[in-house]
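Presented below is the structure to which this report refers.
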Amino acid sequence: MNNIKPQSLLIQLDFVRLPLWRQGGHDAVLQRLEQARHWLSVSELERLSAGPMPWVAQQQLASRVLLRAILASRTGLSPQALQFSYGDKGKPALLNHPGLQFNLSHSGHWLVLASCDSDHMQLGTDIERLRPKTDIDSIMRHYFAGAELAQLQALGSDDRRQAFFDLWALKESFIKATGLGLAQDLRSFGFELDKRTPMARADFPELESCLTPYGELGGTEWQSWLGRLDDEYRFALTLHKEGAGECCWQRHFSELADWLPG
């Protein structure tokens, strides 16, 4: 556990490894996951995918179960007792524990949940898997600010793809923090990777750098952090701290099964 200074803001990040459902062979975990289905509300159950790919519904179920299990450990409430509300653009909040800010993201076999006890903060997180077949050039032209596009175009192809997903994680974390989602023009703000401040933390070695977003809604009270779990997965966190002090960090790695009944 980190030493928490007075007036500091404690950010907790839970990284949970999920099974790759499409590969099969997870019957025991699925059985335990189904035992936790009753934690979910009727509306949550209705939103689970009923499409032709059952692994999509399994992933969605795992995400909702993990959200409830981890938040229950933070609040002292039971998983099924948690009550959620949703903003105009879908950002969730806890009705019966409004002081706890949280945000969730998952990609591939990783899920991250960021949480913090604060009444005066906006928080967003994103995790991204590097995808070698994604047409990044088309996305860059449509969704990146001019300075971001110039940064990327100056790089070789391999470095450009790495930097693209770094920027995409940062931008996703920002629009999730503002609560506007994709209603916010992704070209109205940006990040300068060449101005990031390196971070060397023995207690959080995956956290690599700190950045300040520029443009619409940007400013000194917005702060973003970028980290990597490995060469394939990177994550980002964005906060609007409204005068809060230094950030302290706790991070925890676990498996889906660690949070399931039985």
Exercise. Mind checking which residues of the stretch 11-27 are without any contact (Cβ under 8 Å) to a residue 12 or more places away in the chain and open to solvent by 60 Å² or more (accessible area, probe 1.4 Å)?
Worked result: Gln23, Gly25, Asp27
Seminar exercise, completed: Given (1) over 21 Å from Val112 (Cα atoms); (2) at pLDDT below 90, Pro198 misses just (2)
Exercise. Quick one: in the stretch 94-110, which of the residues that are under 19 Å from Leu9 (Cα atoms), under 15 Å from the mean Cα position of the chain (by Cα) and not aromatic (Phe, Trp, Tyr) is modelled with the lowest pLDDT?
Worked result: Gln101
For this session: From the list Tyr233, Tyr214, pick out the single residue that is among the hydroxyl-bearing types (Ser, Thr, Tyr), under 18 Å from the mean Cα position of the chain (by Cα) and within 25 Å of Lys91 (Cα to Cα).
Result: Tyr233
For this session: Pick out, from the stretch 115-194, the helices (runs of 4 or more DSSP H) lying fully within it that include 2 or more residues that are open to solvent by 10 Å² or more (accessible area, probe 1.4 Å), in contact with a Leu (Cβ under 8 Å, 6 or more places away or on another chain) and aliphatic (A, V, I, L, M).
Result: none
Exercise. Here are some residues: Ser73, Ser63. Which one is outside any loop (DSSP other than H, G, I, E, B), open to solvent by 40 Å² or more (accessible area, probe 1.4 Å), at negative phi and among the hydroxyl-bearing types (Ser, Thr, Tyr)?
Worked result: Ser73
Exercise. Filter the stretch 76-114 for residues that are of a type in the set (D, E, K, R) and out of contact with any Leu (no Cβ under 8 Å at 6 or more places or on another chain); which is surrounded by the most Cβ atoms within 10 Å (Cβ to Cβ)?
Worked result: Lys91
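The values are calculated or read from the model by the stated rules, or taken from the named source; none is laboratory data. Just so you know, these numbers come straight off a predicted model, no measurement behind them. Virtual Cβ from ideal backbone geometry, glycine too; neighbours counted across all protein chains shown. These area figures cover heavy atoms from the full protein model, side chains too; ligands, DNA and RNA do not enter into them. Shrake-Rupley method; radii C 1.70, N 1.55, O 1.52, S 1.80 Å.
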